[in-house]
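FYI, it's all coordinate maths here, none of it is from the lab. Since the model is a prediction, treat every value here as computed from it, not as a measurement. Positions of Cβ are backbone-derived with ideal geometry, glycine not excepted, and every protein chain shown enters the neighbour counts.
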Amino acid sequence: MAVSKVPTDPNMTREVRTFLDDVSRQVDGITTATISAAGLTQTDFLSGGIKTPLAQDYRVVEKMPFAATLTGFTAKTSSGTLTATLKINTTAVTSGAINVTSTQGSVTPTAANVMAADDALVITLSSVSSAVDLSFTVKYTKTLES
């Protein structure tokens, strides 16, 4: 039987000692491969709103602090319609445009959707017709440093 790594304490009950020994064995079983299995790629999002949308560019993120891949874009208005196009700096994201109405719509970007650190995330609004209360969510993945 393995020697316990839990220090001896005369005030420790047998149950506590058994519990701590079990935890110690579980911690010893954790390997770098186990930690890596948790994944370095994380999914995150940002959301926002524009009370009175106008046909123009809105710089949602001025300077992205890390590299990211845009994976989803969802938007809706309270009323009215518009077209919302995701851009990285000045480049439109492929499959990153939504014809927005009061019914929630979503698209999945397919190309030109990789942001480098320091890039700007822009939403360009066009064809605005009586639109009010635009809300949006941009989903992305980022890879954590190992």
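What is the spin-label model distance, in nm, from V114 to V16 if the labels are put 7 Å beyond Cα along the C-beta direction?
Calculated label separation equals 5.4 nm.
Which angle from 0 to 90°, rounded to the nearest 10, does the C-alpha axis of helix 14-28 make with the longest principal axis of the chain?
60
Roughly how many whole Å is it from the C-alpha centroid of the stretch 41-83 to that of the stretch 104-146?
Taking the Cα centre of each part, the stretch 41-83 and the stretch 104-146 sit 4 Å apart.
To the nearest 0.05, how large is the calculated FRET efficiency for A55 and E145 if R₀ is 41 Å and r is the Cβ-Cβ distance?
About 0.55, to the nearest 0.05.
Evaluate the relative contact order of the stretch 41-143 (contact order divided by residue number), counting alpha-carbon pairs under 8 angstrom at least 6 apart; express in whole percent.
Averaging sequence separation for qualifying contacts and normalising by length gives 48 percent for the stretch 41-143.
In whole Å and largest first, what semi-axes does the C-alpha gyration tensor of the stretch 41-143 yield when each eigenvalue is scaled by 5 and square-rooted?
That gives 23, 13, 12 Å for the three semi-axes.
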